[in-house]
Structures are given as structure tokens and as C-alpha cells.
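The values are calculated or read from the model by the stated rules, or taken from the named source; none is laboratory data. None of the values given here were measured: they were computed from a predicted structure. Methodologically, a virtual Cβ is constructed for each residue, glycine included, from the backbone with ideal geometry; neighbour enumeration extends over all protein chains shown.
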Ligand SMILES: Cc1cc2nc3c(=O)[nH]c(=O)nc-3n(C[C@H](O)[C@H](O)[C@H](O)COP(=O)(O)O)c2cc1C
């Protein structure tokens with residue numbers, strides 16, 4: 001049976017996972033590591049886990065032959081570490097603090113947990129290797145983990161903040177910054193732009209309210225992480241904005257697409273939305289998106305921490 005591999009990958013990636021960085025030391029002493037969400041715990045007795053390096057990896061031959069490897073389970077502050085180890089770059093380890101374990105495999109600092117493994121067995125399965133490791137040692141910090149689903153990161157902390165409005169006594173509004181090929185979906189009312197947003201019913205979570213709205217509008221968009229949460233003290237409103245990437249330029253009744261590079265000069269419905277869009281445009285250049293928490297005037301941008 002053959003499938004459209006992009007569609008199959010999309011369906012597989014709807015499974016929510018954590019994120020790991022798998023590391024090893026090659027025979028010549030060089031270090032390799034890649035971001036992996038194919039991690040699974042397998043057995044307690046004996047202690048076994050598995051991870052699946054793909055044959056597309058530059059480091060694939062190392063994982064075909066190494067005697068040991070390590071699995072670093074990233075914490076919710078380590079989105080940038082995940083990005084670093086997912087892009088082709090020979091110097092990935094200079095971006096993180098790490099120490100070698102007894103077998104020379106890098107253990108990254110700040111993780112939720114890390115496992116040092118001896119290779120138990122390898123099974124070539126199609127275009128990936130199922131690499132089973134016997135756990136020789138581990139550490140566990142208790143830090144909450146980083147989540148991944150449908151090409152976007154999430155953290156439980158952010159999701160809980162986004163839903164806190166249900167019990168806060170504020171009137172909730174939720175909206176989404178939808179991006180498609182360098183353009184954002186925005187409403188335009190006589191030259192005054194706004195990010196599409198709706199009111200949230202009491203007791204309803206921001207994400208589910210927005211998902212329902214998008215479905216009703218007929219817009220097939222998967223919401224990404226929460227991007228901005230702020231209270232407007234002048235009117236008792238709490239705003240929760242998400243990001244999303246659209247695969248088509250369909251806009252339903254939610255506005256029209258505007259090129260990102262034109263937006264910093266545009267007029268917005270209020271200062272909070274203007275600041276938010278300006279920040280998005282700047283962060284779009286590096287694709288490292290933070291989370292703003294505060295009020296309509298001041299707050300802090302968190303990068304995963
Ligand atoms: C969240 C996430 C999970 C990933 N999981 C895997 C995986 O389980 N197996 C794999 O081979 N590649 C996986 N990748 C892709 C590799 O991390 C990426 O192809 C690799 O780092 C590229 O390194 P290279 O240029 O040295 O080959 C994942 C990427 C991301 C962002």
C-alpha cells in the first residue's frame with residue numbers, strides 16, 4: 001500500500017508527544033545528536049527504551065554502529081534546544097551546556113530527564129532504525145516536559161494559563177494570528193487592522209472556543225501554541241491569542257492576508273494588538289516565538305521558561 005507521504009506524516013504527527021535529543025559519540029570522538037519524538041519507554045525489567053533514527057540523518061551511520069547512546073527528554077524551557085538539534089548544523093553542542101556520561105554520550109543540562117544507554121538491539125524498519133537501549137543510568141529533574149503535536153510545540157503551563165480565564169471572573173476573548181507564506185490573516189476596517197478574535201463563553205476554554213469558531217467558519221487550521229495572554233484593566237477583558245500556520249490562503253470571513261513586512265507600519269485597533277503583531281513580525285524572522293503574559297500595556301515575553 002502506498003500513501004501520500006506528506007499526508008501520512010501529517011496524520012502521524014497528530015499524535016502528541018514529548019521531545020528528546022538523542023546523542024552519541026562516534027568512533028572518531030565526534031559528537032552527534034538529533035531531535036527525536038519517536039522515543040518510547042519499553043520495559044522496566046530489564047530497563048529498556050527505544051528511539052527511531054531515520055536514514056535521512058547525517059549521523060545515521062553512527063547510530064547504526066554505536067555501542068552506547070543517550071536520550072535527553074527536553075523540558076518546557078528547551079524549545080530552542082529542540083530547534084537547534086533539528087536543523088543541520090555541525091556545531092549543535094556549542095549551543096547547549098552538556099556533560100559526557102560514562103560512555104562519552106552528551107547529557108544536556110536543564111532537561112526533564114536523561115537516560116544513558118547501552119545498545120540492546122537494532123532493527124531496520126523501512127526508512128528508520130528501531131534502536132533499543134538498555135538503561136545504564138538516568139537522572140530526573142522533575143521539570144515539566146516540552147510537548148509537540150502537528151508541527152507545533154506546546155507546554156502544559158501555557159495551556160493552563162490560556163484556560164485560566166474560565167475561572168478568573170474576567171470576560172474572555174480569544175483570537176489567532178494565522179500565517180500563510182509570509183502573510184498574516186487580518187481584518188481591515190477602513191485601514192484599521194485587527195487580529196481575528198471572538199468572545200469566549202463563561203466556563204469555556206480559549207482553545208476550544210476558537211477551534212469551534214474556526215470549524216464553523218469552515219477554516220481548516222490547526223492552532224499552534226498560545227502566543228499572548230493579557231488583561232485589559234480598562235474593560236475587564238482577558239485576551240488569549242494563539243498562532244497558527246495555514247496551508248492555503250483560504251480566509252473564510254475572517255479577513256484577508258497581508259504581507260508581514262508591511263505590518264509594522266500599519267494602524268491597529270489598539271496598542272496591545274499593534275505591539276503583539278510587531279513582535280510576531282520580528283520573531284517570524286528567527287521562528288523563535290515567545291509567550292507574552294501581562295496586561296495591555298506591559299508584561300513579559302517568555303521563551304519557553
Ligand atoms: C519534534 C521533532 C521530532 C523529530 N523526531 C525525529 C525522529 O524521531 N527520528 C528522526 O530520524 N528524525 C526526527 N526529527 C528530525 C531530525 O531531528 C532532523 O532531521 C535532524 O536533526 C537533522 O539533522 P542532520 O542534518 O544532522 O541529519 C525530528 C524533528 C523534530 C523537530
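The rows are residues; the columns are (1) in contact with a strand residue (DSSP E or B) (Cβ under 8 Å, 6 or more places away or on another chain); (2) under 17 Å from residue 173 (Cβ atoms).
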residue: 239; (1), (2): yes, yes
residue: 268; (1), (2): yes, yes
residue: 279; (1), (2): yes, no
residue: 286; (1), (2): no, no
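For the stretch 271-300, residues that are surrounded by fewer than 14 Cβ atoms within 10 Å (Cβ to Cβ) and without any contact (Cβ under 8 Å) to a residue 40 or more places away in the chain total 7. Just a yes or no: is a residue in the stretch 210-230 in contact (Cβ under 8 Å) with a residue 12 or more places away in the chain, closer than 16 Å to residue 280 by Cα and not in a strand (DSSP E or B)? Checked the stretch 210-230: no residue is in contact (Cβ under 8 Å) with a residue 12 or more places away in the chain, closer than 16 Å to residue 280 by Cα and not in a strand (DSSP E or B). In the stretch 85-101, the qualifying residues are those that are part of a loop (DSSP other than H, G, I, E, B) and in contact with a strand residue (DSSP E or B) (Cβ under 7 Å, 6 or more places away or on another chain), and the one that is farthest from the ligand (Cβ to nearest atom) is 101.
Hey, does the stretch 84-91 have a residue that's assigned by TED's automatic domain parsing to the domain that holds residue 138, buried (at least 16 other Cβ atoms within 10 Å of the Cβ) and under 20 Å from the mean Cα position of the chain (by Cα)? Checking the stretch 84-91: at least one residue is assigned by TED's automatic domain parsing to the domain that holds residue 138, buried (at least 16 other Cβ atoms within 10 Å of the Cβ) and under 20 Å from the mean Cα position of the chain (by Cα).
Looking at the stretch 1-77, none of the strands (runs of 3 or more DSSP E) lying wholly inside it contains 3 or more residues that are within 13 Å of the ligand (Cβ to nearest atom) and more than 19 Å from residue 105 (Cβ to Cβ).
Yes/no matrix, rows are residues, columns are (1) in a strand (DSSP E or B); (2) surrounded by fewer than 17 Cβ atoms within 10 Å (Cβ to Cβ); (3) at pLDDT 95 or above; (4) not assigned by TED's automatic domain parsing to the domain that holds residue 254:
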residue	(1), (2), (3), (4)
139	yes, yes, yes, yes
143	no, yes, no, yes
167	no, yes, no, no
172	yes, no, no, no
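Of all residues in the stretch 106-132, those that are within 16 Å of the ligand (Cβ to nearest atom) and within 24 Å of residue 84 (Cα to Cα) total 11. Here residue 151 passes the criteria (1) within 15 Å of the ligand (Cβ to nearest atom); (2) surrounded by 13 or more Cβ atoms within 10 Å (Cβ to Cβ); (3) at positive phi except the one numbered (2).
A single entry from 80, 41, 75 fulfils the requirement of being more than 21 Å from residue 27 (Cβ to Cβ), buried (at least 17 other Cβ atoms within 10 Å of the Cβ) and in the same structural domain as residue 143 (by TED's automatic domain parsing): 75. Residues of the stretch 78-94 that are in contact with a helix residue (DSSP H, G or I) (Cβ under 8 Å, 6 or more places away or on another chain) and closer than 11 Å to residue 109 by Cα: 81 alone.
The test for being in a helix (DSSP H, G or I), near the ligand (Cβ under 9 Å from one of its atoms) and touching a residue at least 40 places away in the same chain (Cβ under 8 Å) holds for residue 82.
Only one entry in 260, 221, 229 is modelled with pLDDT of 95 or more and in contact with a strand residue (DSSP E or B) (Cβ under 7 Å, 6 or more places away or on another chain), namely 260.
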